[in-house]
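Asks: Sharing a structure here in structure tokens format.
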Amino acid sequence: MIAPGSTIGILGGGQLGRMLILAGRSLGYRFHVYEPKGPCAAGMVADLEINAAYDDREALRQFAEGVDVITLEFENIPAEAIDFLNTIKSVYPGREALHICQHRQREKDFLKASGLPCVAFEYADSAESLQTAIAAIGFPSVIKTAAFGYDGKGQIKLSDPVQAADTSALWRLLGEPPRVVVEKWIEHKGEFSVVCARKLDGSMTTFPMAENIHVNHILHASIAPARIGDAVKAEGETLARAIAEKLNVVGLIAVELFLNTDGSLIINEMAPRPHNSGHYTIDGCHTSQFEQHIRAVVGLPLGSTELLRPTVMINLLGDTWSQGTPNWSQLLADPLVKLHLYDKGDPRPGRKMGHFCVVAETVEDALAAAEKQFASL
Ligand code: ADP
Ligand code: MG
């Protein structure tokens with residue numbers, strides 16, 4: 001066990017790191033953040049922020065020597081950096097989980113090899129092989145760059161053969177990546193997610209399944225409890241636990257799921273870190289996903305994940321700032337609203353700037369109140 005008073009190192013400096021630190025502080029831990037571009041949202045609440053590249057060995061060494069354990073809030077950390085840090089201090093969730101989750105091809109291969117449900121897919125590494133892959137998958141489908149995509153970036157949806165006629169043009173539009181995955185587009189009944197925490201000793205907890213609403217491929221709202229039957233919830237938890245175990249995760253893993261028209265769940269993707277769809281746990285659950293992650297990586301017992309009240313989380317993207325700073329007083333005039341801002345500065349469209357949660361007696365009331373508040377911002 002890494003005792004309170006110790007220092008936890010975090011790779012990545014975004015809002016997920018910031019909320020990890022805010023949760024870990026109340027347990028008495030100190031935090032150092034490693035992020036190439038500063039000043040960053042996590043660094044502002046850390047004891048120390050290091051701004052250096054992920055291939056700067058000297059900076060990595062100093063970071064590792066200054067902390068007791070290392071974790072991350074961003075999965076696209078180069079494997080070489082993780083391997084190097086691991087020679088000095090333990091890094092959680094660990095290389096294998098990270099290596100698989102940071103690349104869509106490895107992720108899909110892992111799911112398939114593990115017998116876990118995922119969408120039909122093919123790979124391509126050129127305009128020519130893209131043509132073959134699209135022909136095999138059919139329409140509608142979606143092309144996704146294998147690495148570095150998030151919030152729908154690096155994706156092209158294909159509705160019909162006309163759109164796929166010129167694969168050289170598509171390949172250029174994708175930025176001529178080393179590799180893409182072509183997936184069947186699932187006409188799903190809904191999107192859900194389960195965040196699972198696992199410790200080195202194998203013990204696990206899952207948070208209540210969230211129901212997620214995406215707008216323009218970016219998460220807009222998470223609803224807990226999910227408005228779906230108990231059997232589906234149980235199935236989602238089983239899948240998340242199976243993945244956490246197979247990947248030997250220490251910390252959190254979030255599993256994004258589609259609900260198929262036949263009622264079965266299909267795994268979309270995984271993230272070995274706190275997840276946007278788990279932000280509702282700060283205000284809705286006895287233990288938040290962020291506190292649970294800290295507990296898991298330092299080896300403390302895991303807390304209760306019980307949902308105390310129906311909770312709806314709404315993301316605040318930079319778009320909400322288009323008419324100037326939103327009227328926070330008006331939002332907070334509802335005493336059941338909890339506001340979380342990430343202090344990120346420039347509110348570019350699509351950039352995650354904050355979120356708010358509404359709790360209520362029923363999930364319908366929480367959702368109606370949250371959407372009404374969002375519309376009036
Ligand atoms: P990101 O890394 O950007 O989150 P995702 O693969 O999760 O990438 O895609 C973002 C969103 O796009 C999903 O949450 C879903 O709404 C939609 N989407 C992606 N792939 C599919 C698919 N195969 N079928 C249906 N919807 C999809
Ligand atoms: Mg996703």
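Asks: In the set Leu252, Leu200, Leu257, Leu239, which member is within 16 Å of ligand 2 (Cβ to nearest atom), of a type in the set (A, V, I, L, M) and closer than 25 Å to Leu22 by Cα?
Replies: When all the criteria are applied, what remains is Leu252.
Asks: Answer yes or no as to whether Ser322 is open to solvent by 20 Å² or more (accessible area, probe 1.4 Å) and either at pLDDT 95 or above or under 18 Å from the mean Cα position of the chain (by Cα) (or both).
Replies: In short, yes.
Asks: May I ask you to verify whether Gly350 is assigned to a loop (DSSP other than H, G, I, E, B) and more than 26 Å from the chain's Cα centre (by Cα)?
Replies: no
Asks: Determine, yes or no, whether Glu49 is closer than 15 Å to Tyr92 by Cα and not in a helix (DSSP H, G or I).
Replies: no
Asks: Could I ask something else about it? All but one of (1) open to solvent by 60 Å² or more (accessible area, probe 1.4 Å); (2) acidic (Asp, Glu); (3) free of Cβ contacts under 8 Å to residues at least 60 places away in the same chain hold for Asp343; which doesn't?
Replies: (3)
Asks: If we keep just the residues of the stretch 15-27 that are open to solvent by 20 Å² or more (accessible area, probe 1.4 Å) and not aliphatic (A, V, I, L, M), which is farthest from Ala53 (Cα to Cα)?
Replies: Ser26
Asks: Then there's this: For Thr132, only one of the following conditions fails: (1) open to solvent by less than 70 Å² (accessible area, probe 1.4 Å); (2) more than 16 Å from ligand 2 (Cβ to nearest atom). What is its number?
Replies: Every condition holds for Thr132 apart from (1).
Asks: Just to be sure I understand the filter: pairs with C-beta atoms under 7 Å, separated by 6 or more residues or on different chains, first member in the stretch 242-256 and on the phi > 0 side of the Ramachandran plot, second member assigned to a helix (DSSP H, G or I) and among the acidic types (Asp, Glu). Which pairs pass?
Replies: Asn248/Glu96
Asks: Which numbered condition in (1) closer than 25 Å to Asp262 by Cα; (2) within 16 Å of ligand 1 (Cβ to nearest atom); (3) of a type in the set (A, V, I, L, M, F, W, C) is the only one that Phe207 fails?
Replies: (2)
Asks: Any idea which residue in the stretch 149-198 is surrounded by the most Cβ atoms within 10 Å (Cβ to Cβ), counting only those that are more than 11 Å from ligand 1 (Cβ to nearest atom) and free of Cβ contacts under 8 Å to residues at least 12 places away in the same chain?
Replies: Per the criteria, the residue is Gln163.
Asks: Looking only at residues that are within 16 Å of ligand 1 (Cβ to nearest atom) and farther than 28 Å from Asp319 by Cβ in the stretch 217-251, which one is surrounded by the fewest Cβ atoms within 10 Å (Cβ to Cβ)?
Replies: Leu239
Residue-wise test of (1) away from ligand 2 (no atom under 16 Å from the Cβ); (2) at pLDDT 95 or above; (3) touching a strand residue (DSSP E or B) at 6+ places or on another chain (Cβ under 9 Å).
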{"site": "Gly38", "(1), (2), (3)": "yes, no, yes"}
{"site": "Val45", "(1), (2), (3)": "yes, yes, yes"}
{"site": "Glu75", "(1), (2), (3)": "no, no, yes"}
{"site": "Leu111", "(1), (2), (3)": "no, yes, yes"}
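Asks: Among the residues of the stretch 207-216, are any part of a loop (DSSP other than H, G, I, E, B), open to solvent by 50 Å² or more (accessible area, probe 1.4 Å) and on the phi > 0 side of the Ramachandran plot?
Replies: yes
Asks: Can you tell me which residue is surrounded by the most Cβ atoms within 10 Å (Cβ to Cβ) among those in the stretch 135-148 that are within 15 Å of ligand 1 (Cβ to nearest atom) and in a helix (DSSP H, G or I)?
Replies: Ile137
The values are calculated or read from the model by the stated rules, or taken from the named source; none is laboratory data. Because the structure is a prediction, the values reported are computed rather than measured. Note: ideal-geometry Cβ built from the backbone for every residue, glycine included; neighbour counts use all protein chains shown. Protein only, heavy atoms only, side chains kept; ligands, DNA and RNA dropped before computing areas. Shrake-Rupley method; radii C 1.70, N 1.55, O 1.52, S 1.80 Å.
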